[in-house]
Amino acid sequence: MTTMSFVLDKNVFIGTNQQELCKFVGSNTVILPETLFYECYTSNELSDKKFFKRLYQLLKGGAYVTYQLMQIIRDEGENLSPCSCIIDYSETDNLRTRGFIEEKTVGKAEIDEKKKDRSKMAISIKKLASTIFQKLESDDPDCLREMRRLQMNRKERFRKWIEIADQNDIHDLATKSFRKHVAAPKRFCLSTDWLSWHNMRLMYTFALEYSYLGITGYCPKDENAERDLMDIEYLTFLAKSDGLLAGDKKLGYLAKATFPNKKVYSSVQDVSG
C-alpha cells in the first residue's frame, strides 16, 4: 500500500505531541521543507535544544528534508528540465547519520544570508503588486472596479486571485522573474510540471492580494511580506506532494484555493480521524 506524502508546516511541527508526531511519520511520508528549518531557527516559540531533538527524532522515524526551493528553481532554469523530486535523500541520510550539532548545522551567517534572500523576494512581490495595479489601471479598469467592490473573506478572495493568475502567461512571468538563472527562456517553465511555474503562480496571487490591500488602504510591512513568502514556499512544495499539514488557518485556506484536489489537514489527528 502506497503511503501519502505530506508537507509539514511549523505550527503542526511545534503544536503536536512529539510521540504522536513520530508515530504519524512512521506510517506516512512526511516532508520537512527547508522553510520549516528556517522558521524554527528564527522563531522564539521553540528552544534550540528542543527543536533539534524533535527534528532528529522525526528524521530517524522516517521523515525527509527537501532541497532549498530557490536551488530547485535555479536547477530548473539551468538544466531546462522540471524538478522530478523535492526530497534531498543525500542530506536526509546525512542528518540521520550525524544528527544535529547546532553550531555546525546552520550557522548565523547562513541564516542571515537566507533572511537577506527572502527579504529581496518579499520586496519583489510588493513591486509586482505595484506593476499589476498600474497595468489594471490602464488595461483592465473593470477588473480594478471589481476588486474595489470585493467584500469577501480571505478564502474567497484567494480563489478569485488564483482565477485571475491563471488567465496570465505564467511562463512569461517566470522567465522574467528568474531570468538570471535561465539558460534558454523559451524552454523554461512550460507547464505545471515545473516548480518554478507553481512558485510564480503563487507570487502573482499574493501580488494581487497586495494590490487589493492597497486599494483598501493597507500596505503590508516587509516582515509580513516575508511571512507570506514562506507560505508561498510551503505551497510550492505541496505541488509535488499529496497533502499539507498546516496548523495556520491562512495557509490552509490558501492551500485549498491553490490546489483544490490536494488534501489539507490542520492536525495529524484529522488525517487518521
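Coordinate-derived values only; no laboratory data. As the structure is a prediction and not an experimental result, all values here were calculated from the model. Neighbour counts are summed over all protein chains in view; Cβ atoms, including those assigned to glycine, are modelled from backbone coordinates with ideal geometry.
With a 10 Å Cβ neighbour count serving as the proxy for reagent exposure, in which order, fewest first, do E209, E76, E20 appear? Before the final figure, lay out each step's value.
Working: E209 20, E76 24, E20 13.
Lowest count first: E20, E209, E76.
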(message) Can you tally the net charge around Y64? Count Lys and Arg as +1, Asp and Glu as -1, for every other residue whose Cβ sits under 14 Å from the Cβ of Y64.
(response) -2
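In nm², what is the average projected area of the convex hull enclosing the Cα atoms of the chain?
Its average projected convex-hull area is 15.1 nm².
Using Cβ counts within 10 Å as a stand-in for footprinting exposure, how do K186, K53 rank, fewest first? Don't jump to the answer; show the numbers that get you there.
Values: K186 9, K53 14.
Listing K186, K53 from fewest to most nearby Cβ atoms yields K186, K53.
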(request) Treating the angle as unsigned and between 0 and 90°, give the value, to the nearest 10°, between the Cα long axis of helix 108-139 and the longest Cα principal axis of the chain. (result) 20
(message) Of G61, L208, S267, which is farthest towards the positive pole of the chain's charge dipole, taken about the Cα centre with +1 and -1 on the beta-carbons of Lys, Arg and Asp, Glu respectively?
(response) S267
(request) Starting from the Cα of D93, move 7 Å in the Cα-to-Cβ direction to define the label point; list residues of region 46-86 whose amide nitrogen is under 16 Å from there. (result) 60, 62-67
(message) Give me Y89, Y38 sorted ascending by neighbouring Cβ count inside 10 Å, so fewest comes first.
(response) Y89, Y38
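Normalised radius of gyration for region 112-227, please: alpha carbon Rg relative to 2.2 N^0.38 Å, two decimal places. Mind dumping the intermediate values first?
Details: Rg = 14.7 Å, N = 116, 2.2 N^0.38 = 13.4 Å.
This ratio for region 112-227 stands at 1.10.
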(request) Using only Cα atoms, tell me the angle between helix 195-215 and the longest principal axis of the chain; keep it within 0 to 90° and round to the nearest 10. (result) 60
(message) What distance in nm separates the two pseudo spin-label positions at E163 and D139, each 7 Å out from Cα along the beta-carbon direction?
(response) 2.0
(request) Rounded to the nearest 10 degrees, what's the angle between the helix 89-98 long axis and the longest principal axis of the chain, both from Cα atoms, 0 to 90? (result) 40
(message) Of the candidates G15, G252, G243, which one comes out as most mobile in a Gaussian network treatment of the chain with C-alpha springs shorter than 10 Å?
(response) G15
(message) Cross-link candidates for K115: which lysines have Cα within less than 21 Å, leaving aside residues fewer than 8 places away along the same chain?
(response) K10, K104, K126, K127, K180, K221
